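Taking it in order: structure first as structure tokens, then the write-up.
The numbers here are math on the coordinates, done by the rules we state, and not lab data. Just so it is clear, the structure is predicted and the values come from calculations on it, not from any experiment. We place every Cβ from the backbone using ideal geometry, glycine too, and count neighbours over all the protein chains shown.
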Amino acid sequence: MPRSRRAALGLLLASLFASACSTPPTKEMNQAQGAIDTARAAGADRYAPEEYRAAVAALDRSKEMAEQRDYRQALNFALDARERAHEAARAGAERMAQVRSEAETRLEAASKRLQVAQTRVKPGPGTRLPDTALTALRETIATAEKDLQEARASVARQDYLQARELAQTIDQRLNDAMLAAEQAATKDRRPAPRKPATH
């Protein structure tokens, strides 16, 4: 290629690069915003909050650079924001699946413990609980039944974090209530201390 043609090509490329850096990277910023919106809709703001916040921060920096007319930096930040948003969406989907599995496992455990507790308050043969312990256990069961419904509703609306937390709370409260009831029943069964004989 003749030197004159190489020089002309160099000038053309430089002109194109200068032109690209002389206007805001609106297209790339819009793409980054779209990727962030998609990540948020997929739950990344809850299940991958660090990655999501990093994407939002990069887009904010892109907007700042655009306002300062540093369009090259604005472009860099916009591209970074888009990549970070994609990463947030991927990480969020993985963590959501993990939390969902944990929530379902804990819900199953809480349901089984609720069934055991319900059998403890049914009349029939076996150890009879003292009235105060029976009342306390029934109140805990009633609360657990409501919370279990709420936990299942949380799963239905894909709020697996709340479902997992509720299930764990239900299981722990029922366990504590049954333990307290058993201790009360054991104490109630103890024979009264004998009075010393008097002569």
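Worth a mention:
- Per-residue Cβ neighbour counts within 10 Å put Glu182, Glu108, Glu87, Glu50 in the sequence Glu50, Glu108, Glu182, Glu87, beginning with the fewest.
- Neighbour counting of Cβ atoms within 10 Å sorts the residues Arg157, Arg69, Arg152, fewest neighbours leading, into Arg157, Arg69, Arg152.
- Burial order of peptide ranges 56-63, 138-145 (average beta-carbon count within 10 Å, highest first): 56-63, 138-145
- Anchor Lys63: lysines whose Cα lies under 19 Å away (excluding residues fewer than 8 positions away in-chain): Lys27
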